[in-house]
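Undergrad: The structure's right below; bear with me while I get my questions together.
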Amino acid sequence: MAAGLLMVSTASCDDLFDPAIENIRDANAMDTEAKYADAILGSAYILMPYSSGPVNDVATDDAVSNDLSNAWLTMAGGGWTSQTGVSTDNWRDRNASIQFLNLFLERVDNVPFSTTPGINQMFVDRLKGEALGLRALNMYYLLQNYGGKGTSGELLGVPIWQESYDATTDMNVARNTFAECMEALLKDVNEASQLLPTDFVDLSNNNQIPAKYAGLGVDFMDYNRVFGSTTWTRMSGRIAEAIGAQASLLAASPAFQGSGVEWSEAADYAARVIDRAGGLAGMAPDGHKWYTAEVIGNNTISTANHDEIIWRGGYEENSSIEGDNFPPSLYGKGRVNPTQNLVDAFPALNGYPISDPRSGYDKNDPYSNRDPRLDLYIVTNGSTLGVNNAIVETSTDAASTDGINKESGRSTRTGYYLRKLLRNDVNPNSTNEVKKYHYTKRIRYTEIFLAYAEAANEAWGPTGKGTHPYSAYDVIKAIRSRAGIGTANGDAYLEECKASKETMRTLIRNERRLELCFENIRFWDLRRWQADLKETARGASITGTSFNYIDVEPRNFADYMIYGPLPYGDILKFSNLEQNAGW
Amino acid sequence: MISIYKKYLPAAMLASMMAVAPAVTAQEEADTTATPMVQLAYRQVAADEVLGGAETINIADLMKKNYINDLNGTTLKGYVPGYNGNSLWGSDANDGRLLVLIDGVPRDMNNIPPIEVESVTFLKGAQAVLLYGSRAAEGAVYITTKRGHDGDLKIDAHASTGWAVAKRLPEYLNSASYMTLYNEARVNDGLDPLYSAEDIYNTASGVNPFRYPDVDMYSKDYVRRTFNRTDGDLEISGGNQRARFYTNINYYRYGDYLKVGESKNNYTDRFSVRGNVDVDIVDAVSAYVNAAATFYGSHSAVCDNDKFGNYWSAANTFRPNRVSPFIPISMINPGALAALELVNNSSNLQNGMFPGGTISDPNNIFSEYNFAGDSKFTSRQFQFDAGVNVDLASVTKGLTFNAKFGIDYATSYTTSYNNKYATFVPVWQNFNGKDEIVSISQEGKDEHSGVQNISGSTSRQTINFSAQFDYARRWADVHNFHAMVVAAGWQRTFSGEYHKTSSVNLGFEADYNYDKRYYAEFGLTGVHSSRLAPGHRQGWSPSGTIGWRLSQEEWLKDSEAVNELMISASASKLKTDLYLTDYYMYSANYTNGGWYSWAPGGQAAAYPKRGANENLTFIDRTEFSANIRGDFFNNALSLNASFFTHKLSGLPINNSTKFPTFFSTYYPASSFVPWLNWDANRRTGYDFGITGRKQFGDVYLELGVNATYYKTKATKRDEIHEDAYQNAVGKPVDAIWGYRCLGFFKTDEEAASVDQSALGSAELKAGDLRYEDVNKDGVVDSKDRVYLGRGGWYGDPFTLGVNLTAKYKGFTLFVHCTGSYGAKSYKTGSYYRPAGENKYSSYALDRWTPANANSATLPRLTTTNANNNNRDSDFWLYSRDRFEIAKVQLTYDFPTHLFSGKVVKGISLFLSGDDLVMFGKNRKIMETTVGGSPQYRFYNFGAQVTF
């Protein structure tokens, strides 16, 4: 008995009187551990706002979801409130990310990255630059989601957090103005772009070392350790500038008049990024199909980007986005269904909108003689898809469940399936699964080109160039020509549109809609343009050769919903936090 | 070892002080009493001297007239006041917070056969659990196993066998009805009907069930209505003055309802042995050893597809018209050679049938249970505990020492064979009125790995020890004094968990009574929790109780009306760490987790799990209770009643009203919010038990009623609401919240006139549900949710147990009924609230249509998610009030004179029924299990033979 007690007492004291030891650290551990400091920054990287596929597009006039429990579907149906998770998630994740960045920025100067002072300085510069770039990114998404006119009528941004907080910090602070937020954002962008190289590429000799480090006694190998290709896809100077361009376009937009950012500034920011790629000539010829099997193939060099890509995630071999979006006969769930509204937005092959008699649009053969991007991005009735190029029938008399509304949660609700972002050489059938490489696009050049076109047109008119060698017209011509429209008639419709800023604006917005569809961009574009949010999502119910266009889903957005709501919970808690008007 | 010594030092010092203290002239030794003893914490007390807070069921006696197979909340409900089948006095017993002790060691109630049990004591009052420390603060159940007695060898053999008979099966619509109503739902949504009249006709006519399936998951082909359970055990006990033993060998096995594929072989069995030995080593030293081993196993068919879960959950989702699980090969057109070849390559043909599927439904639960393999779950438990008693009268008169030690080991694992299989998708055509399969495609592949997989291996170890000094003396014939010091601790280790569950405490108790009339008891326990910050790890739990035994007063002593009467009152404040679910909750504790990567690299990120709060401390249970207990009219009537009120305060929360939402994120799971002692709950109620007994000639009758009532109130919460009616404070802890339903919209115009869009349905029409705009802001949203009723999460608010015993000659009739009142529940799930692609139950027949707008009990059908209609509202609320006949047993004991001089010394037979009848308005809902194995009545027949 005594032996038993003795055994108990000696063998298992852990947790009885004192807790079993855990490796407990706090933020101060950054002061001694470089890798740990990087891991704090890592939390901000994890919290980045990017998705691998369409998310909020199903709450626009571009698409609907066939997943009836989809939160964005509910939102578009009228369920959007200040408590709707998907719209308040950004509040949580952007601000939390900023906290990690501030924690990091407050300590980065003292983190022992290297015992060699020169190398240490380079590390500090790079990581500080990354953190500032990421902070600007978070602010951009905060402004996009929450910037707006408050109940007082003032154009507000969000509270600017430039210092880390803890449980004792007074969090009941007022929102800064939108202009103040933009100022802070652009300051972060500019500092980041000064601290960071344009891209993380390896040097091959000491002469290439930038002047600011040349005097620090480091060689090109040291430089490569810090700024070389091993850091590829982290925040770079080019990326930070692209975020600046995105944010200034937002700020210059009609919904944010009073932001202090003019169209010309937005155009200049975009041009800065475009010029990094060699101007208009740098536009990638296959930039509108960067995700396809023919472009990506099995070529997965991790430390290089396709010319179209400014920022991307890592390569992942999977079949998940096809599994989500292929039609049911190809073992998919048919999730994102493009609308008739979007299909109608694709012009005819000759460049004229299908509403224009000159387009030659044939109501009885609506998918022929159209903008090639229609077939590139959308699966229409009778087109082929998948490893065996199977014909997909979306008609009401289809033999398989691919037909419209054949099976809830699997079949299309609009008569269309998604093709963009999917690889045709993937088979999601679990028995014969074929996985292929994909990556998440974060920012690509076409968006920046279109940002320039939009801003330059507003600032200087269709053919005005500001201080740059290309105009909005030039950019749009290049994009339409790349897409393959109007090539036979010198894009007569574009020539017609360049006559006025207004017609050009309409054309630019339409090109933006087509080029950037299903990339989670239109939801906020409609809002910053103060465009019609209520256009009913429509579909095509095809029986034999007869086309019956049907209403699929209303878009029950109120006018005040051009600005998103701050989370209800925080509005209740903090008297100084002003809600956007209407919510 | 040094730290242990330090912790035990105070105990030893206290004990030695006490040993010296009573220099008063001790005249007599503490007397022993003949009344039954009740097990309290670390000591046994005569039943009529218990000062409230504890109730005992004598299981060994009860089993003579009420044979039960398992100890659990259902089989123990209604036998004693204060226990409602779920918790003691409505305390928060959920998540395993009710401490179950078997012979003093924390163990599982479901791992002890009732036949091995002598008694079960419910320690409901704070004063009763005080000495068990922190982890007993929500009450404890103490199970005492049987022991051997000085006397002849006694052998009891029990055998019983019985049938479980399903009470009520869910009712689903057949294919044709489903298709018709689904079409109606489509039209309601503005879509075209999906199923053609021809398809529905062909399905309804049953012309070809392989092409037009109509699968009834509850058909007798798949689900038996009964299954058998058989129990047997052998008890052997005996001993002499020096050594006594009790052993039990126990086995049971029961089957399953299912008869689909491998599931027809499903069974569960359990074998266990126990040996309890008591030895008097020398006059002053006695010891005991208990050992038990359990082998538990269950065999079942494998379902490797998470979509189905098991047969019962599949039965709730698998629509009848989707797939024909098996299709005759003869249906294939003889000319379709490719199809025939494909099918004949299958290794899973059965009775000339091949497994059917579709691209959308390549698998189903039938194919899974037939071809996916089988698994066996095995669980073993070994339990060992031992103790020693030393009478230290030679050192100090009245002093004894007792030490106990227990060690348990439990393991479990699953072995399985997991196979993959192909199903075949037929393409049908009709030739001259005859359906034929013209081609076939294959889904999946046949794969038999032949490898036995082992999964779900777990192990658990429990170590328990206690040591105590008792000092009991009586002076001057009237001063009765007892004191004890207990040092105790236990610890449980789980496989795969770094931290252990621990409890350690040092207890002191002193009780005094004057002439068995005036009682006073004082207890003080020092609890220790390693979950708190250094400097905050100790807490003191005091308790004081007084009692007045009126029946011992001169003026009552000889009363025939009052044979026994005790009133008592108790106040306590317990410290517990039960709600501190983790260690280091006081520290910020940055952790590594989540992965961030860049093109050539990646690593785990770092983030805090919480903010720091070094002042995090124990949770308090502050309690006042009073008890009255008595026997009257020559013990023909017994009464026992208690009042209690207790408050649990300082419950740890992450106070969300102080910090913005962005202090915490989901991925990575970071948080800067500290834990804070904040929330408080009050529970108040009463219980009572009345038993009357009387002999009428040859007939003996006994009637008992036990009742427990409790109410709960949230007294402190961290909350902000615009409207006061949304505050949780002042509402029950087990509050059900929801919308207040105003019925169906009568017209589309009415539906268009209100704004319920925040609830998430795009278009509302007549036949959808309308809710009250409680705050009158013109919009129905989550701010209009109100308190709707009590959920009874800690047991139904008012529970009743009524039991009747009638004896006539050798016959004993025992009837036990339970009543449960005051709790409400939502009708949940697609069975009651169909939407989208859900299977339709018979409730769908009563959906709203323009024709039956006044009698409908369901909103109009929809193929959408029914966000508006399926919100939790009082439309779906029902009362769980019910009265049940839980047990009826007729026992016949053969007259003892038959056995004089025989080897067999007694035979007893019984016939019983469990869970026989339920009365209640919503009986149908409560008796139907949706998505799970059906509830059953159990009819049992058994015999006991004593040698």
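The values are calculated or read from the model by the stated rules, or taken from the named source; none is laboratory data. Source: prediction; values computed, not measured. Counting neighbours? That spans all protein chains shown, and the Cβs are built from the backbone with ideal geometry, glycine included.
Undergrad: Please determine, by comparing only the residues of segment B:552-584 that are within 22 Å of B:ALA93 (Cβ to Cβ) and within 14 Å of chain A (Cβ to nearest Cβ), which one is surrounded by the fewest Cβ atoms within 10 Å (Cβ to Cβ).
TA: Only one residue fits best here, namely B:THR581.
Undergrad: Please state which of the following conditions B:PHE522 fails to meet, knowing it meets all the rest: (1) modelled with pLDDT of 95 or more; (2) in contact with a Gly (Cβ under 6 Å, 6 or more places away or on another chain); (3) crowded, with 21+ Cβ neighbours inside 10 Å.
TA: Here B:PHE522 meets the rest and fails (3).
This table checks each residue for (1) assigned to a loop (DSSP other than H, G, I, E, B); (2) surrounded by fewer than 18 Cβ atoms within 10 Å (Cβ to Cβ); (3) outside the structural domain of A:GLY147 (by TED's automatic domain parsing); (4) touching a helix residue (DSSP H, G or I) at 6+ places or on another chain (Cβ under 8 Å).
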{"position": "A:LEU216", "(1), (2), (3), (4)": "yes, yes, no, yes"}
{"position": "A:ARG234", "(1), (2), (3), (4)": "yes, no, no, yes"}
{"position": "A:GLY244", "(1), (2), (3), (4)": "no, no, no, yes"}
{"position": "A:LEU249", "(1), (2), (3), (4)": "no, no, no, yes"}
{"position": "A:ALA266", "(1), (2), (3), (4)": "no, no, no, yes"}
{"position": "A:ALA271", "(1), (2), (3), (4)": "no, no, no, yes"}
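Undergrad: Quick check on my filter: what residues within segment B:755-776 are on the phi < 0 side of the Ramachandran plot and within 12 Å of chain A (Cβ to nearest Cβ)?
TA: Passing the criteria: B:ASP755, B:GLN756, B:SER757, B:ALA758, B:LEU759, B:SER761, B:ALA762, B:GLU763, B:LEU764.
Undergrad: Scan segment B:903-911 and give yes if some residue there is in a helix (DSSP H, G or I), in contact (Cβ under 8 Å) with a residue 24 or more places away in the chain and either under 23 Å from B:ALA806 (Cβ atoms) or under 25 Å from the mean Cα position of the chain (by Cα) (or both), otherwise no.
TA: no
Undergrad: Moving on. Can you give me the number of residues within segment A:79-90 that are within 7 Å of another protein chain (Cβ to nearest Cβ) and either crowded, with 24+ Cβ neighbours inside 10 Å or among the hydrophobic types (A, V, I, L, M, F, W, C) (or both)?
TA: Total meeting the criteria: 0.
Undergrad: Being buried (at least 21 other Cβ atoms within 10 Å of the Cβ), in a helix (DSSP H, G or I) and not assigned by TED's automatic domain parsing to the domain that holds B:VAL279: is that true of B:TYR201 here?
TA: No; evaluated as a whole, the condition is false for this residue.
Undergrad: Another one. Scan segment A:547-566 residue by residue and report those that are under 15 Å from A:TRP583 (Cα atoms) and not β-branched (Val, Ile, Thr).
TA: A:ASN556, A:PHE557, A:ALA558, A:ASP559, A:TYR560, A:MET561, A:TYR563, A:GLY564, A:PRO565, A:LEU566 - these are the residues of segment A:547-566 that are under 15 Å from A:TRP583 (Cα atoms) and not β-branched (Val, Ile, Thr).
Undergrad: May I ask you to list the residues in segment B:495-551 that are of a type in the set (D, E, K, R), touching a strand residue (DSSP E or B) at 6+ places or on another chain (Cβ under 7 Å) and either part of a strand (DSSP E or B) or more than 14 Å from chain A (Cβ to nearest Cβ) (or both)?
TA: Answer for segment B:495-551, where residues must be of a type in the set (D, E, K, R), touching a strand residue (DSSP E or B) at 6+ places or on another chain (Cβ under 7 Å) and either part of a strand (DSSP E or B) or more than 14 Å from chain A (Cβ to nearest Cβ) (or both): B:GLU509, B:ASP511, B:LYS516, B:ARG517, B:GLU521, B:ARG549.
Undergrad: Then there's this: Is it true that B:TYR584 is in a loop (DSSP other than H, G, I, E, B) and at positive phi?
TA: Spelling it out, B:TYR584 is indeed in a loop (DSSP other than H, G, I, E, B) and at positive phi.
Undergrad: Would you point out which residue out of B:LEU191, B:LEU181 is crowded, with 17+ Cβ neighbours inside 10 Å, of a type in the set (A, V, I, L, M, F, W, C) and touching a Phe, Trp or Tyr at 6+ places or on another chain (Cβ under 6 Å)?
TA: B:LEU181
Undergrad: Here's another thing I want to ask about it. With respect to B:ASN634, determine if the residue is away from every other protein chain (no Cβ under 14 Å), surrounded by fewer than 17 Cβ atoms within 10 Å (Cβ to Cβ) and part of a loop (DSSP other than H, G, I, E, B).
TA: Yes; evaluated as a whole, the condition is true for this residue.
Undergrad: Still on this structure, please answer the following. Filtering segment A:91-111 down to residues that are under 23 Å from A:PRO567 (Cβ atoms) and either modelled with pLDDT under 95 or more than 10 Å from chain B (Cβ to nearest Cβ) (or both), which residue is surrounded by the fewest Cβ atoms within 10 Å (Cβ to Cβ)?
TA: The selected residue is A:ASN102.
Undergrad: Right, something else. State whether the residues of segment B:609-620 include one that is closer than 20 Å to B:GLU719 by Cα and more than 14 Å from chain A (Cβ to nearest Cβ).
TA: yes
Undergrad: Conditions first: (1) touching an Asp or Glu at 6+ places or on another chain (Cβ under 7 Å); (2) surrounded by fewer than 16 Cβ atoms within 10 Å (Cβ to Cβ); (3) within 14 Å of chain B (Cβ to nearest Cβ); (4) of a type outside the set (Ser, Thr, Tyr). A:GLY382 passes all but one, so which condition is the exception?
TA: Here A:GLY382 meets the rest and fails (3).
Undergrad: Tell me the residue from B:ALA393, B:ALA422, B:ALA338, B:ALA372 that is of a type in the set (A, V, I, L, M, F, W, C) and under 34 Å from the mean Cα position of the chain (by Cα), please.
TA: Unique residue meeting the criteria: B:ALA372.
Undergrad: Another question, if that's okay. Counting only residues that are away from chain A (no Cβ under 14 Å) and among the aromatic types (Phe, Trp, Tyr), which one in segment B:462-494 is farthest from B:PRO106 (Cα to Cα)?
TA: Per the criteria, the residue is B:TRP475.
Undergrad: Of the conditions (1) touching a Leu at 6+ places or on another chain (Cβ under 9 Å); (2) in a strand (DSSP E or B); (3) farther than 30 Å from B:LEU62 by Cα, B:GLY836 satisfies every one except a single condition; which number is it?
TA: (2)
Undergrad: Go through B:ASN854, B:ASN867 for me and flag whichever is in a loop (DSSP other than H, G, I, E, B) and either within 14 Å of chain A (Cβ to nearest Cβ) or modelled with pLDDT of 95 or more (or both).
TA: B:ASN867
Undergrad: Still on this structure: Taking the options A:SER114, A:SER152, A:SER97, name whichever one is in a helix (DSSP H, G or I) and not aliphatic (A, V, I, L, M).
TA: One residue alone meets the criteria, A:SER97.
Undergrad: Would you confirm, using the coordinates I've provided, whether A:THR536 is surrounded by fewer than 22 Cβ atoms within 10 Å (Cβ to Cβ), among the hydroxyl-bearing types (Ser, Thr, Tyr) and within 12 Å of another protein chain (Cβ to nearest Cβ)?
TA: yes
Undergrad: Can you tell me which of A:GLY258, A:GLY314 is in contact with a Ser or Thr (Cβ under 7 Å, 6 or more places away or on another chain), outside any helix (DSSP H, G or I), among the small types (Gly, Ala, Ser) and in contact (Cβ under 8 Å) with a residue 12 or more places away in the chain?
TA: Within the list A:GLY258, A:GLY314, the selection yields A:GLY314.
Undergrad: Check every one of the strands (runs of 3 or more DSSP E) wholly within segment B:73-175 and list those with 3 or more residues that are surrounded by fewer than 22 Cβ atoms within 10 Å (Cβ to Cβ) and modelled with pLDDT under 95.
TA: Counting at least 3 such residues, we get B:151-166.
Undergrad: Quickly run through segment A:473-522 and pick out the residues that are free of Cβ contacts under 8 Å to residues at least 24 places away in the same chain and either acidic (Asp, Glu) or under 24 Å from A:GLU308 (Cα atoms) (or both).
TA: Once the filter is applied, which keeps residues that are free of Cβ contacts under 8 Å to residues at least 24 places away in the same chain and either acidic (Asp, Glu) or under 24 Å from A:GLU308 (Cα atoms) (or both), segment A:473-522 yields A:LYS477, A:SER481, A:THR487, A:GLU495, A:GLU496, A:GLU502.
Undergrad: Look at segment B:344-369 and say how many of its residues are at pLDDT 95 or above, surrounded by fewer than 23 Cβ atoms within 10 Å (Cβ to Cβ) and part of a helix (DSSP H, G or I).
TA: Result for segment B:344-369: 0.
Undergrad: A further question on this structure: Of everything in segment B:585-608 that's small (Gly, Ala, Ser) and more than 7 Å from chain A (Cβ to nearest Cβ), which residue is surrounded by the most Cβ atoms within 10 Å (Cβ to Cβ)?
TA: B:GLY593
Undergrad: Follow-up question, since we're still on this one. Yes or no: segment A:515-529 includes at least one residue that is more than 25 Å from A:LEU68 (Cα to Cα) and surrounded by 21 or more Cβ atoms within 10 Å (Cβ to Cβ).
TA: The answer is yes, given that some residue of segment A:515-529 is more than 25 Å from A:LEU68 (Cα to Cα) and surrounded by 21 or more Cβ atoms within 10 Å (Cβ to Cβ).
Undergrad: So, of the residues in segment B:674-712 that are crowded, with 20+ Cβ neighbours inside 10 Å and of a type in the set (Val, Ile, Thr), which turns out to be nearest to A:THR169 (Cα to Cα)?
TA: It comes out as B:THR712.
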